[in-house]
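This report concerns only the one structure given below.
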Amino acid sequence: MHRLETRIPPPVLMFLLGGIAWAAARLLPSLSIELPFAAAISAVLILTGLTLNILPKFAFRRTGTTVNPMRPNDTTHLVTSGLYRYSRNPMYLGHSLLLLGWTLHLHNIASLLATPAFMIYVSRFQIGPEERQLSARFQDEYAAFCQSTPRWL
């Protein structure tokens, strides 16, 4: 079995970075900011993030393929419908939106760095290795999917 380069599952990483963002907001109050409509924007981002995490799991289960981000070798079907018409990684996009909603709620500039940190880490250590494995397993079908669908949005 080929192991991914990441050792931290993306949902765990999201929660870790959310905790670090919270600590940064508490330790660096001088970087606090007031954003207009922050509560409403945070709520919309969090609800959208949850939706982007839940709906793809149903699509994966319907096709009988794995939702475990640490075991892409167990993938039996390439899902390209539903949300996957717009993003090759809606679940990771959902994690990013959840984290962004949380960090906006914290009202701290330093906390906002958690979201790009998540996206950079996941792109390098999760998505890249997943893409290599999916490309090897589904070859032409995956190449066409990559041509028609962006990695994030």
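Where a number appears in this text, it was derived from the coordinates with a stated rule and is not lab data. Keep in mind it's a predicted model, so treat the numbers as computed, not measured. Note that each Cβ is placed from the backbone with ideal geometry, even for glycine, and that neighbours are counted across all protein chains shown.
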Listed residues Thr76, Ile41, Ile20: farthest to the positive end of the dipole of region 1-144 (Cβ charges): Thr76
Between Ala39 and Tyr86, what FRET efficiency comes out of the Förster formula 1/(1 + (r/R0)^6) with R0 = 25 Å and r the beta carbon distance, rounded to 0.05? 0.40
Give the longest segment of the chain that steers clear of GluC sites (Glu not before Pro) in DSSP loops with at most 16 neighbouring Cβ atoms within 10 Å, not counting the sites themselves. 35-153
Using only Cα atoms, locate the centre of region 19-53 and the centre of region 105-153, then give the distance between them in Å, rounded to an integer. 22
Can you tell me the 0 to 90 degree angle between the C-alpha axis of helix 90-106 and the longest principal axis of the chain, rounded to 10? 0
Here are several values of semi-axes √(5λ) of the Cα gyration tensor in Å: (1) 23, 18, 15; (2) 31, 16, 12; (3) 40, 15, 12. Which one was derived from the coordinates shown? (2)
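Does region 109-153 classify as rounded, prolate or oblate by the C-alpha gyration tensor (a ≥ b ≥ c root eigenvalues; a/c under 1.5 gives rounded; else a/b over b/c gives prolate, otherwise oblate)?
In terms of gyration-tensor shape, oblate.
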What is the distance, in nm, between label points placed 7 Å from the Cα along the Cα-to-Cβ direction at Thr66 and at Glu5? 1.9
Need one number: nm distance between label points at Phe138 and Leu16, each 7 Å from Cα along Cα→Cβ, rounded to one decimal. 2.8
Could you work out how far apart the two model spin labels at Arg26 and His77 are, taking each label as a point 7 Å from the Cα in the direction of the beta carbon, and quote it in nm? 4.5
